[in-house]
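> My structure is below; once you've seen it, I'll send some questions.
The values are calculated or read from the model by the stated rules, or taken from the named source; none is laboratory data. Keep in mind that this is a model prediction, so the values were computed, not measured. Cβ placement follows ideal geometry from the backbone for every residue including glycine, while neighbour counts extend to all protein chains displayed. To get the accessible areas, we keep the full protein, side chains included, count just its heavy atoms, and leave off ligands, DNA and RNA. Shrake-Rupley method; radii C 1.70, N 1.55, O 1.52, S 1.80 Å.
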Amino acid sequence: KQAEIFFKEDQVLAVGDKLQMPMLADFLDYMASEGSAAFYKGEVANKIIQASKDHGGFLTQADFDQYQVLIRKPLQFKYCGKTILTNPLPSTGGSLLTLLLKFIENKNTGPHQSKNYCQVFYEAFEQIENIGKSPDHLQKALHRLLTAPNNKRGSTSHLNILDRWGNAVSLTTTIGEGSGFFVEGTQIHMNNMLGEAALLPNGFHSWEPNVRLSSMMAPTMVLDEKESLEIILGSGGASRIPGAIAQVIHLLIDHQLPLADAVNAARLHLEHGIYNLEPGFDPAFDLVDSKNKVKRWENTSMFFGGVHTISKEKGKFRAAGDNRRDGVSRVGQ
């Protein structure tokens, strides 16, 4: 039945086609009137629990009853005189973003896309690889770098909203790889975070029951020297999220690029022994005496994230959606 959502006359919906999920719309209306109990208790919860049980899963009613939304203080640090606010541990995305920016802070990267630019970011990414990406490794690295408090660890979309009164929202949400399972009668699509390699540093099938997974999501805000909101941004892209956001912040602050240019500029990323470069970087750049290899992409790609961004400068709003993920932006009057 779910094919009715994504197919039209036996063809996958194309860009511009209307996707309709009336049962999900009905459920959202119902939840708006009944509150969170509409999901966590009663028929919907029972259907999810039974489906989990039928397929060898671990969910129980106790998981629904005990679930809490925790409001945490953001991870806060200085970068080139600005204040960065991002997602704290146990999310690993904000921590990786912090380390990347601190590793490149005050470094002479040279012009964007130059050999030196590629080298500086490569060295920053390599330091991250050497630290490790588990929450425990990152916590120790942040403590050394920022004297951070000792907190225990306990397909992605992003949106930003900023109004004239200074109220701001930076929200990243995900269903991971997507499970393909929809809750009967609601069109709620359950996630599949166990399909995200970046969240399982010890490899697939290493998850332990009753342990909350971490996240790469890193909704972020930048305050200017007077502690006023200047930039809001975030991205999808799994393990590429922190690097993509860091590069946009770097281009906006250190290179003073216009917003749309910074968001859609060529990006790079190191992972699994491959240093991935979008088109445009200096063809003379290469890794010498390194175990890693350079891969030059022929086209820009959603692999490198989708850093949707809003900025406010001297009272003027600007917004840019990342072309890699068909991002859109609108500035009201």
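> When you go through (1) surrounded by fewer than 19 Cβ atoms within 10 Å (Cβ to Cβ); (2) modelled with pLDDT of 95 or more one by one for residue 134, which number turns out not to apply?
Among (1) surrounded by fewer than 19 Cβ atoms within 10 Å (Cβ to Cβ); (2) modelled with pLDDT of 95 or more, the lone unmet condition for residue 134 is (2).
> Here is a further query. Look at residue 40 and say whether it is in contact with a helix residue (DSSP H, G or I) (Cβ under 7 Å, 6 or more places away or on another chain), within 15 Å of residue 186 (Cα to Cα) and surrounded by 14 or more Cβ atoms within 10 Å (Cβ to Cβ).
yes
> Moving on. Which residue out of 173, 156 is open to solvent by 60 Å² or more (accessible area, probe 1.4 Å), within 24 Å of residue 308 (Cα to Cα) and β-branched (Val, Ile, Thr)?
Just a single option satisfies the conditions, and that option is 173.
> May I ask you to list the residues in segment 186-228 that are modelled with pLDDT of 90 or more, buried (at least 18 other Cβ atoms within 10 Å of the Cβ) and either acidic (Asp, Glu) or not in a loop (DSSP other than H, G, I, E, B) (or both)?
220, 221, 222
> Can you find a residue that is touching a Ser or Thr at 6+ places or on another chain (Cβ under 6 Å), in a loop (DSSP other than H, G, I, E, B) and within 19 Å of residue 233 (Cα to Cα) anywhere in segment 92-107?
No, segment 92-107 has no match at all.
> Give the residue, chosen from 158, 112, that is closer than 28 Å to residue 197 by Cβ and not aliphatic (A, V, I, L, M).
The conditions single out 158.
> Restricting to segment 299-326, count the residues that are of a type in the set (Asp, Glu), over 20 Å from residue 117 (Cβ atoms) and either part of a loop (DSSP other than H, G, I, E, B) or in contact with an Asp or Glu (Cβ under 6 Å, 6 or more places away or on another chain) (or both).
Final tally of qualifying residues: 1.
> To continue, here is another question. Given the condition under 30 Å from residue 209 (Cα atoms), of a type in the set (Gly, Ala, Ser), outside any loop (DSSP other than H, G, I, E, B) and open to solvent by less than 40 Å² (accessible area, probe 1.4 Å), answer yes or no: does some residue in segment 49-66 qualify?
Yes, that holds for at least one residue.
> Tell me yes or no: at least one residue of segment 141-152 is of a type in the set (Gly, Ala, Ser), at pLDDT 90 or above and either assigned to a loop (DSSP other than H, G, I, E, B) or surrounded by fewer than 16 Cβ atoms within 10 Å (Cβ to Cβ) (or both).
So far as segment 141-152 goes, no, none of its residues is of a type in the set (Gly, Ala, Ser), at pLDDT 90 or above and either assigned to a loop (DSSP other than H, G, I, E, B) or surrounded by fewer than 16 Cβ atoms within 10 Å (Cβ to Cβ) (or both).
> Give all pairs with beta carbons closer than 8 Å in which a residue from segment 14-42 that is within 25 Å of residue 65 (Cβ to Cβ) meets a residue that is modelled with pLDDT of 90 or more and among the small types (Gly, Ala, Ser); count only pairs at least 6 apart in sequence or on separate chains.
Close Cβ pairs (under 8 Å, with a partner that is modelled with pLDDT of 90 or more and among the small types (Gly, Ala, Ser)) amount to 27/38; 30/38; 31/38; 39/45.
> Read through the list (1) open to solvent by less than 20 Å² (accessible area, probe 1.4 Å); (2) under 15 Å from the mean Cα position of the chain (by Cα), then give the number of the only condition that residue 183 fails.
Against the list (1) open to solvent by less than 20 Å² (accessible area, probe 1.4 Å); (2) under 15 Å from the mean Cα position of the chain (by Cα), residue 183 comes up short only on (2).
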